[in-house]
1. Might you report the magnitude of the Cβ-based charge dipole of region 3-255 about its Cα centre, with Lys and Arg at +1 and Asp and Glu at -1, to the nearest 20 debye?
2. As I understand it, the dipole of the chain uses +1 on the Cβ of Lys and Arg and -1 on the Cβ of Asp and Glu, about the Cα centre. Which of Pro371, Ala276, Thr90 lies farthest toward its positive end?
3. With bins 5 Å wide starting at 0, give me the P(r) of region 148-194 over every alpha carbon pair, in whole percents.
4. For region 181-254, take the convex hull of the Cα atoms, compute a quarter of its surface area, and give me that in nm², please.
5. Ranking request for peptides 300-308, 230-238: highest mean number of other beta-carbon atoms within 10 Å first, then the rest in descending order.
6. Order by neighbour count: Ser98, Ser80, fewest other Cβ atoms within 10 Å first, most last.
7. Given [x] 1.06; [y] 0.96; [z] 1.02, which label gives Rg/Rh (Cα atoms, Kirkwood Rh) as computed from the coordinates?
8. Compute the long axis of helix 125-135 from its Cα atoms, compare it with the longest principal axis of the Cα atoms of the chain, and write down the angle in degrees, 0 to 90, nearest 10.
Amino acid sequence: MHPKCLQAMQRQSQQFVDLNALLRHAGQRIARLARAPAGYSAHVTSGASAGIALAVASCMLSLEGATEWNSEEEVTLMASLPDTSGLQRTWVLVDGGSDFRWLPQVELTGASVKIVGSKSMPMTKTTLQQAIDEIGGDHRVACLLLFDGACPDGMGISEVVSAVGGRYPVVVDAAARLPPVENLWRIIEQGVDCVLFSGGKVVRGPQSSGFMIGRVKMIERVARYACPNEVSVCRAMKTTKESVVGLVAALEEFVDGVGDSGRRASEYPMRENQMAMMVATSIRERMLETLTTRVEVRMRTGEEEHLVDVQPNGHFLVFVDLSKLPSLMLGSGRRGREEEGGERKEASSTYMYGSGVNHGSPLDVRPFDSPTMLASRLCRLEPGLTRVVLNTTLTGVFVNPILLENEEEAQYVGMRIADELNYLFLHVTTKGRRASKL
């Protein structure tokens, strides 16, 4: 977290506050920082995933016929969720080419998900209309949920907004799309009804925080369904007064200020690319000479490598390709690559969610091939070593320099990768020579 975020949280922890008023004021400040146009406001959430549930609930309960937004009918329906028997607008449309990991947040509300298209054939205007017809027409659609950047070959945001034509809301999950800072206003400018961001990650607010920028009426409903309100399925998504002010302080620094590292968010990706260069140089300089022709260390952006799961992906990542090496497994391993299933074998060589790595617990690595063996050794717990956690691919590992704080860390990570590669290579080749003599 940014030091100013921590300072704000500490100050707020010493006093009581009207939490609903604090949320309103924080939302107004965030809307100004995000250059939100007239008719838009913002709300602080307990992470971007909570924003999905809140946005969907708001869209489900947008009662066009109600004379008052806080009508008795709306309150009754809100209290009944996830029971949707009194609602028509219960379907959320999702592009089949995008990210499905966060769809349980939609279903928390009781809404049903309709996948439009597939990974190989993303949503089009035609298939979108077909999906709407299948569920019974526009009056059944609560909203369309897009994951920004997750489907580069599909319809763009502005294209989707045009296709929808205001018939129902378009909600965009852009949790990790900061930086660049311009995304704070770029997405709203394309006409969406709501966009969701994480307050942690590179924004450097509390990791349990997030925020949503949306049309005023949607945000007003969200404020009634979120904590501290008691009669709501979203009550559990608690936002503390400390996390609210911490997020605002961090976002102010992200947008306007120079952080403790002396850099502005607008300088992305220069600093990240410099860190990547340091890591790559450290690996190359420390590797055994015999490995330099067998191990490729390259720098490519996540966008160039089609890594849509790395967000933001406009900066250089450091890829260490081990495909030209003999197996670096110590022992027989738990299972071979051929047993990993069709989905993994069909993935691109830089697919980052491969078997062997538990992404809910990334220090839990099951070695079964060279990349996972290297990753498991880097994150092992041993006195005198700082644990290094990497993403594995089908052919090697990669370093995301956006997570590195300074030059010392960059050089250490490169050194550790080279040292472990040197050890594994010498151990395996020595073992092979001994076996051949026998």
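The numbers here are math on the coordinates, done by the rules we state, and not lab data. Computed from a prediction, not measured in an experiment: that's the story for all the values here. Counting neighbours? That spans all protein chains shown, and the Cβs are built from the backbone with ideal geometry, glycine included.
1. Working: 24 positive and 25 negative charges, 155 e Å.
Dipole magnitude for region 3-255 comes out near 740 debye.
2. Toward the positive end, the furthest listed residue is Pro371.
3. The calculated distribution, bin by bin, is 5, 21, 31, 28, 12, 3, 0.
4. 5.2
5. Working: 300-308: 17.9, 230-238: 15.8.
Listed from highest to lowest mean packing, they are 300-308, 230-238.
6. Details: Ser98 26, Ser80 15.
So the ranking, lowest neighbour count to highest, is Ser80, Ser98.
7. [z]
8. The angle comes out at about 60 degrees.
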